[in-house]
Amino acid sequence: MSHPARHSAVHTIVNRAAPKPPELRDDLHELYGKNVFDLAQMREHLPERAYRALESCIERGTELEPELADLVANAMKEWALERGATHFTHWFQPMTGLTAEKHDSFLAIEDGRMLLEFSGKQLVKGEPDASSFPSGGLRATFEARGYTAWDPTSPAFIRETAMGATLCIPTAFCSWTGDALDKKTPLLRSCEALNKAALRMLKVLGDEKTEYVYPTVGAEQEYFLIDREFYLQRPDLIATGRTLFGAQPPKGQQLEDHYFGSISPRVLAYMHEVERELWKLGVPVKTRHNEVAPSQFEIAPIFERTTVSTDHNMLTMEVLRQVAQRHGFQCLLHEKPFAGVNGSGKHNNWSMSTSGGENLLEPGHTPDENMRFIVFLTATIRAVDLHAELLRMTIATAGNDHRLGANEAPPAIISIYLGEQLSAVVDALITGEPRGSKGGESGTMKLGVSTLPPLPRDATDRNRTSPFAFTGNKFEFRAVGSSQSISQPNTVLNTIVAESLRIIADEIEAKVAAGTSREQAVQQTVQGVLQKHQRVIFNGNGYSSEWHEEAAKRGLPNLPTAVDAIGQFSTEETVAMFERHAVLSKRECDSRTNVMFEAYAKAISIEAQSAITLASSALLPAAFRFQRELAESIEAARRVGAKSLARQEKRLQDLAARIDQALGALETLEQAYEAAESHADSAEGHARTCRNTVVPASLALREACDSLETLVDNDLWPLPKYEEMLFIH
């Protein structure tokens, strides 16, 4: 028998009707992009001149003339009205890590008559209240004016709900003073910085044809599904997104039977609807499967332009959450909703493409292509080595601290995995010695000549322990948290690679100007850069203690917690680099540092308050009740002279000791929380105090209460248990 509310939830869940087969009303070709104002829709609805101008704006970053904006706005409005939209919104990404929107109708009144209008001015710029969004000190609360600016690189789309349809226009968000208040603006700037640096490098290498370069990303998304009946009985999940208490069940993921296993009909029905909703929004989701932990799953798209992919990942998270409720599920996107089982990440597959559709991180078939590949690979290696601490900062959140460094996610030490064959090529380039890669013929490794061997995409194994792994034609940044926006990691990736391309191009040009041939200049420069930065390459087990020791010998930074990493945003070197590439100003860097420290401290504080309340009002009362019942049972046994009396008394003593331990831990957490709040006037000080005192006190309270869960009568325990949430669908 179980707690009455839990028993009712289990009964409801196991008696749910089987999911109905989906109604396949639309052909997939008709469904995909149905609610997107993409290039095909633009060509259909716009005059040729306006379409060409907008296409150039999207692909090359050119400005759109004001009079053409009116044409685009009118076409967008007519298209949206045809699909039932009554409102429009500038859809943006403030520094909350979520999306934001303010809806306005197309309604206008003239001479008492209703009109439907949407002007170019309304398309290009909006003015939501900016006072209540995080700014990290960029503005005071009373400074409310903020602007949204249309991002034409990401297409407008329609969100359909049972309450109607809304035209959503992806935008950037900035203050009245022009400071970026969002995650999208720096990303757009970083894409332009990478474009400039990459074009310059291609010209140095003799490429005069490429018109532009853009970064690409495909973000794999992991998530948990639990029944909403259980979710609503877990105040910790509602408040924090993760379970603050929960004893380990006898069966977790140790049998490894969930990974890539058969998908249950109910979950499959959910996945099917998620995919159809995303396909209508033009999100190219391709893969679905069971992940490692029970009740954990993954959805993965085909790669796209980074700006579009970032918007699509935000949409993916929104759709996952919204569709879940229609199926009686709750989608959990927290990095570690359940202790003791695999957490959730978001693998950020990053590369660079040219206007001609060539992937700059894909090994080529000709000497020139291979030279280009090695140069861009070298720039990336240099960037990651020199800016490892900054990359670590981009994934620094309270939630991600539960994953990084554990045997389920890449460690907090940033290293690069190249694989055996590519590592052999790099070693040969560094030494100039005859190469010894698998299957390769002997000879001196040189760039621009045929001795560089072909490198097929699948020439290497994968390394799941590496935070930054080369996977054939892209780098997979595996340490990004599942609840994060991918904007910040990609903003930094774009910028640090742009910086390395700038440095390498300077060196090659200087050598050529001094009379060295281009091929020799590239060869010498690549060799020198790789010699300096090869320390970041590691193909072994990133989870091992030996790697931690080796990394320390190599001088690689190890920032184990978010608080250690966040300050890297505002170092003198970081600010200088961001300002050099016009990505972020010092004010904007400092503001983001403050926002991240504040977000960390707030997350830990909310968890502490939730744990204190839940332990005080639910868990300890259940233990007291069981203690009373057990004492009464022992007294009855004593009256009849039961032989098991000594064992029963020992059990009561054990229970009393565990209750005392929990009471002590609760008192310690209450004191730690109060002390931490006294440092709230300093964002960094507050975060550090939370990390140093509140986090360990919360863990101690959890351990004590989880110990009680294993002893208290199952009928009295008030919270749904792990075996129920993870295994009952």
Flag if Glu291 is over 16 Å from the mean Cα position of the chain (by Cα) and either modelled with pLDDT under 95 or not polar (S, T, N, Q) (or both)
yes
State which residue is most open to solvent (accessible area, probe 1.4 Å) when the search covers only the range 533-549 and only residues that are closer than 19 Å to Arg464 by Cβ and not in a loop (DSSP other than H, G, I, E, B).
Glu546
Quick check: anything in the range 558-567 at positive phi and either open to solvent by 10 Å² or more (accessible area, probe 1.4 Å) or over 29 Å from the mean Cα position of the chain (by Cα) (or both)?
no
Counting only helices (runs of 4 or more DSSP H) entirely within the range 349-436, those with at least 3 residues that are at pLDDT below 95 are 367-386, 420-431
Long-range neighbours under 6 Å by Cβ, at least six apart or interchain, first residue hydroxyl-bearing (Ser, Thr, Tyr) within the range 299-310, second in a loop (DSSP other than H, G, I, E, B)
Thr307/Thr153; Thr307/Ser154; Thr310/Ile486
Just checking, which of Tyr259, Tyr231, Tyr223 is within 19 Å of the chain's Cα centre (by Cα), within 22 Å of Gln330 (Cα to Cα) and of a type outside the set (D, E, K, R)?
Tyr223
Val217 being under 26 Å from Asn370 (Cα atoms), touching a strand residue (DSSP E or B) at 6+ places or on another chain (Cβ under 9 Å) and hydrophobic (A, V, I, L, M, F, W, C):
yes
Which residue is farthest from Gln122 (Cα to Cα), if the candidates are limited to the range 160-181 and must be modelled with pLDDT of 90 or more and buried (at least 22 other Cβ atoms within 10 Å of the Cβ)?
Thr166
Filter result for the condition that a residue is exposed (fewer than 15 other Cβ atoms within 10 Å of the Cβ), part of a helix (DSSP H, G or I) and at negative phi, over Leu199, Leu268:
Leu268
Those residues of the range 205-261 which are open to solvent by 10 Å² or more (accessible area, probe 1.4 Å) and hydroxyl-bearing (Ser, Thr, Tyr) amount to Thr210, Tyr212, Tyr214, Tyr231, Thr240, Tyr259
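Conditions (1) free of Cβ contacts under 8 Å to residues at least 40 places away in the same chain; (2) open to solvent by less than 20 Å² (accessible area, probe 1.4 Å), marked per residue:
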residue: Cys589; (1), (2): yes, yes
residue: Ala608; (1), (2): no, yes
residue: Ala611; (1), (2): no, yes
residue: Ala623; (1), (2): no, yes
residue: Arg639; (1), (2): yes, no
Working carefully through the options Glu67, Glu59, Glu82, Glu63, find the one that is among the acidic types (Asp, Glu) and under 23 Å from Met314 (Cα atoms).
Glu59
Can you name the number of the only condition in (1) open to solvent by 30 Å² or more (accessible area, probe 1.4 Å); (2) part of a loop (DSSP other than H, G, I, E, B); (3) in contact with a helix residue (DSSP H, G or I) (Cβ under 8 Å, 6 or more places away or on another chain); (4) modelled with pLDDT under 95 that Gly136 fails?
(1)
Counting only residues that are open to solvent by less than 60 Å² (accessible area, probe 1.4 Å), in a loop (DSSP other than H, G, I, E, B) and over 22 Å from Arg305 (Cα atoms), the range 38-67 contains a total of 1
If we ask which residues in the range 74-121 are assigned to a loop (DSSP other than H, G, I, E, B) and closer than 30 Å to Asp179 by Cα, their number turns out to be 11
Determine which member of the set Ala582, Ala552, Ala521, Ala603 is without any contact (Cβ under 8 Å) to a residue 40 or more places away in the chain, hydrophobic (A, V, I, L, M, F, W, C) and open to solvent by 30 Å² or more (accessible area, probe 1.4 Å).
Ala552
Among Thr306, Thr310, which is the only one that is at pLDDT 95 or above, more than 21 Å from Lys34 (Cβ to Cβ) and touching a Pro at 6+ places or on another chain (Cβ under 6 Å)?
Thr306
Residues located in the range 657-683, provided they are of a type in the set (A, V, I, L, M) and either open to solvent by less than 40 Å² (accessible area, probe 1.4 Å) or without any contact (Cβ under 8 Å) to a residue 24 or more places away in the chain (or both)
Ala657, Ile659, Ala662, Ala665, Leu666, Leu669, Ala672, Ala675, Ala676, Ala683
The condition of being under 16 Å from the mean Cα position of the chain (by Cα), in contact (Cβ under 8 Å) with a residue 12 or more places away in the chain, closer than 26 Å to Thr185 by Cα and part of a loop (DSSP other than H, G, I, E, B) holds, among Glu335, Glu318, only for Glu335
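The values are calculated or read from the model by the stated rules, or taken from the named source; none is laboratory data. All values derive from a computational prediction rather than experimental measurement. Reconstructed Cβ throughout: ideal geometry from the backbone, glycine too, with neighbour counts over all protein chains shown. With ligands, DNA and RNA removed, areas are computed over all heavy atoms of the protein, side chains included. Shrake-Rupley method; radii C 1.70, N 1.55, O 1.52, S 1.80 Å.
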